[in-house]
Amino acid sequence: MIILLDMDNVLCDFDKGFIRKWKKIFPEKNYIPYEKRKTFSVVQDYPESEKNCIMRIFSEPDLFFSLKPIPGAIDAIHKLRELGNEVFLC
């Protein structure tokens, strides 16, 4: 079986990584804590005036490389492979 896994909030904690980048790049701006978000999409939760800031963070070259794995995610990938599956990250 071929299994495709998404990174964002499946294997890696995208929300914490996003906030970490926000604080680093825009320390003077307020961010929306995860607990106060209303939608799955970061873009939809922020006002239109902050869209350029969000796009700047999304285009950071190390954004995805800096994300921390969700506990158990790496072990789950190994288990899926041990069971004979082909696992790919999207």
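The values are calculated or read from the model by the stated rules, or taken from the named source; none is laboratory data. Note that the coordinates shown come from a computational prediction; the quantities given were computed from them, not determined experimentally. For neighbour counting, all protein chains shown are included, and Cβ atoms are generated from backbone atoms with ideal geometry for every residue, glycine included. Heavy atoms of the whole protein, side chains included, go into the accessibility calculation; ligands, DNA and RNA do not. Shrake-Rupley method; radii C 1.70, N 1.55, O 1.52, S 1.80 Å.
Would you be able to say whether some residue in the range 62-70 is open to solvent by 70 Å² or more (accessible area, probe 1.4 Å), under 19 Å from residue 7 (Cβ atoms) and in contact with a Lys or Arg (Cβ under 7 Å, 6 or more places away or on another chain)? Looking through the range 62-70, at least one residue is open to solvent by 70 Å² or more (accessible area, probe 1.4 Å), under 19 Å from residue 7 (Cβ atoms) and in contact with a Lys or Arg (Cβ under 7 Å, 6 or more places away or on another chain).
Every residue, every condition in (1) of a type in the set (D, E, K, R); (2) open to solvent by 60 Å² or more (accessible area, probe 1.4 Å); (3) in a loop (DSSP other than H, G, I, E, B), yes or no:
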| residue | (1), (2), (3) |
| --- | --- |
| 60 | yes, no, yes |
| 74 | no, yes, no |
| 79 | yes, yes, no |
| 88 | no, yes, no |
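Among the residues of the range 1-50, those that are open to solvent by 40 Å² or more (accessible area, probe 1.4 Å), among the charged types (D, E, K, R), modelled with pLDDT of 90 or more and in a helix (DSSP H, G or I) comprise 16, 20, 23, 24, 36, 48. Within the range 43-72, residues that are touching a residue at least 12 places away in the same chain (Cβ under 8 Å) reach partners that are assigned to a helix (DSSP H, G or I) and of a type in the set (D, E, K, R) with beta carbons closer than 7 Å, at six or more positions or on different chains, in the pairs 57/21; 60/21; 63/21; 68/16.
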